[in-house]
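Take a look at the structure below.
The values are calculated or read from the model by the stated rules, or taken from the named source; none is laboratory data. Note that the structure is a prediction, hence the values are computed from the model and not measured. Cβ coordinates were reconstructed from backbone atoms using ideal geometry, including for glycine residues, and neighbour counts include every protein chain displayed. Quick note on the areas: whole protein, heavy atoms, side chains included, nothing else; ligands and nucleic acids left out. Shrake-Rupley method; radii C 1.70, N 1.55, O 1.52, S 1.80 Å.
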Amino acid sequence: MNPKTHNPKLITYNLLFNEAKKYIPGGVNSPVRSFYAVGGVPVFIKKAKGSKIYDTLGKEYIDYCMSWGALILGHAYNEVVDTVKKAVENGTSYGAPTELEILLAKEICEAFPSIEMVRLVNSGTEACMSAIRLARGYTGKNKIIKFDGCYHGHADYLLVKAGSGMKTFSSVFNVQCSTSLGVPKDFVKHTIVVPYNNIDAVEKVVKKYHKDIACIIVEPVAANMGVVLPKENFLKELREICDYYKIILIFDEVITGFRLAYGGAQELFGIRADLTCLGKILGGGFPIGAFGGKKEIMEYLSPIGKVYQAGTLSGNPVAVTAGLTTLRILKRNKEKIYKSLESKTKFLCDSISEIFKKSKLEVKISQIASMFTIFFETPKHYAKFFHGLLKQGIYFPPSQYEACFLSLSHSEEDIAKTVRIVRKIL
Ligand code: PMP
């Protein structure tokens with residue numbers, strides 16, 4: 001694009017998308033952003049503030065994607081922006097330890113009683129990958145159990161019956177896509193997949209293979225195949241099985257951490273994991289991830305232990321500042337904040353549910369705290385709903401397998417407007 005002839009008014013999404021597709025595979029840097037599942041061309045975002053995002057043509061949308069759950073305060077939250085600006089002026093990366101990292105590590109350990117020590121990484125993918133390596137290194141065992149439809153990032157051996165984009169695209173193309181091309185069979189031979197919420201299936205597998213099972217990794221609330229709540233006692237029974245057979249229980253709280261409660265799913269359900277993976281909210285909108293747990297296990301990590309793990313930008317001062325500020329804001333007023341997020345979200349879901357009851361469409365609305373999904377009979381129905389909303393200035397995630405999120409910045413007017421629009425488009 002020639003900046004001299006660049007006239008924003010003439011730029012359509014089509015032009016931008018075609019330009020993007022020339023240089024970036026599929027025009028996007030992460031698959032689900034592509035709108036493949038809902039059809040059409042993605043809107044290109046120029047800026048965001050509070051509950052709203054604005055596209056290149058200046059159109060405003062109430063955002064329920066919130067950077068896939070990373071932004072619990074809202075976009076460009078003043079206090080976060082101010083501290084980040086100051087952090088940037090002090091340099092953007094040192095590759096040496098900082099006091100800030102200690103502060104964030106302490107905040108994480110205080111929020112999650114199961115975490116005695118924590119290491120920062122750059123994404124949720126890295127957090128899960130490293131936690132599993134650590135579990136294998138600590139136990140000296142190879143096999144892992146994951147659940148069908150749960151997503152733990154895109155490490156080779158975790159792309160087996162995974163949720164999120166893998167679920168979206170296998171439904172779009174109507175194929176049973178259990179893993180990705182490029183992942184050798186040998187790499188996934190230690191991954192055992194079990195149906196979510198099926199404790200009998202877990203027990204059966206564990207009885208058979210427990211001598212070689214290092215860990216069970218689970219999304220305590222599954223949020224990458226629509227929002228699916230754990231059945232009563234499912235997590236508790238997982239904990240019991242892991243204790244009995246000395247298997248490491250990993251809670252992937254990349255979405256649920258600081259989202260369901262300040263102390264994540266572990267606070268909400270009163271269960272402690274051995275290792276916990278974090279991301280999204282922890283970075284306040286910047287790339288970050290973390291994994292942590294019992295000191296005894298964490299001390300297996302390099303440089304004091306023999307499990308190697310590293311990162312050039314890990315503990316990046318700008319990301320750490322954004323995360324630390326976000327956590328402090330949440331903690332300051334946590335009871336009020338989480339209560340208000342929950343009641344706003346419940347009101348929105350109840351109102352939408354009432355509207356659907358009067359229509360002929362069958363939907364399943366699933367909600368917990370400030371996240372929810374509206375699940376239609378077919379992806380085609382969702383696509384219609386999604387585009388109806390988009391046209392009216394409401395941005396939902398472009399796949400019904402992905403969760404919707406509210407933030408502190410979503411106002412009662414935003415919710416009322418969303419309900420009005422849902423009623424109108426139906
Ligand atoms: N775990 C869960 C539960 C996730 O939802 C995601 C991403 N949506 C990841 C891990 C991977 O995180 P990232 O995209 O930051 O690598």
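Data table
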{"read-out": "Condition check for Gly137: surrounded by fewer than 20 Cβ atoms within 10 Å (Cβ to Cβ) and in contact with a Gly (Cβ under 9 Å, 6 or more places away or on another chain)", "value": "yes"}
{"read-out": "Count of segment 261-287 residues which are open to solvent by 10 Å² or more (accessible area, probe 1.4 Å) and within 15 Å of the ligand (Cβ to nearest atom)", "value": "6"}
{"read-out": "Among residues of segment 197-240, those that are within 15 Å of the ligand (Cβ to nearest atom) and in a strand (DSSP E or B), counted", "value": "6"}
{"read-out": "Tyr94 being more than 15 Å from the ligand (Cβ to nearest atom), of a type in the set (Phe, Trp, Tyr) and part of a helix (DSSP H, G or I)", "value": "no"}
{"read-out": "Residue in segment 102-130 that is nearest to Tyr157 (Cα to Cα), counting only those that are away from the ligand (no atom under 16 Å from the Cβ) and open to solvent by 50 Å² or more (accessible area, probe 1.4 Å)", "value": "Met117"}
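Per-residue answers, yes or no, for (1) assigned to a loop (DSSP other than H, G, I, E, B); (2) open to solvent by 10 Å² or more (accessible area, probe 1.4 Å); (3) closer than 25 Å to Gly163 by Cβ; (4) modelled with pLDDT of 95 or more:
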| site | (1), (2), (3), (4) |
| --- | --- |
| Asn29 | yes, yes, yes, yes |
| Arg33 | no, yes, yes, no |
| Ala37 | yes, yes, yes, no |
| Gly40 | yes, yes, yes, no |
| Ala48 | no, yes, no, yes |
| Tyr54 | no, yes, no, yes |
| Leu57 | yes, yes, no, no |
| Ile62 | no, no, no, yes |
| Leu71 | yes, yes, yes, yes |
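Each row is one residue, and each column tells you yes or no for (1) in contact with a strand residue (DSSP E or B) (Cβ under 9 Å, 6 or more places away or on another chain); (2) more than 21 Å from Gly292 (Cβ to Cβ).
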site: Ser314; (1), (2): yes, no
site: Pro317; (1), (2): no, no
site: Thr321; (1), (2): no, no
site: Thr325; (1), (2): no, no
site: Ile337; (1), (2): no, yes
site: Leu341; (1), (2): no, yes
site: Thr345; (1), (2): yes, yes
site: Ser351; (1), (2): no, yes
site: Glu354; (1), (2): no, yes
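Table: residues versus (1) out of contact with any Asp or Glu (no Cβ under 9 Å at 6 or more places or on another chain); (2) modelled with pLDDT under 95; (3) over 29 Å from Glu335 (Cα atoms).
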site: Met371; (1), (2), (3): yes, no, no
site: Thr378; (1), (2), (3): yes, yes, yes
site: Lys384; (1), (2), (3): yes, no, yes
site: Cys404; (1), (2), (3): yes, no, no
site: Ser407; (1), (2), (3): no, no, no
site: Ser411; (1), (2), (3): yes, no, no
site: Ile415; (1), (2), (3): yes, no, no
site: Val422; (1), (2), (3): yes, no, yes
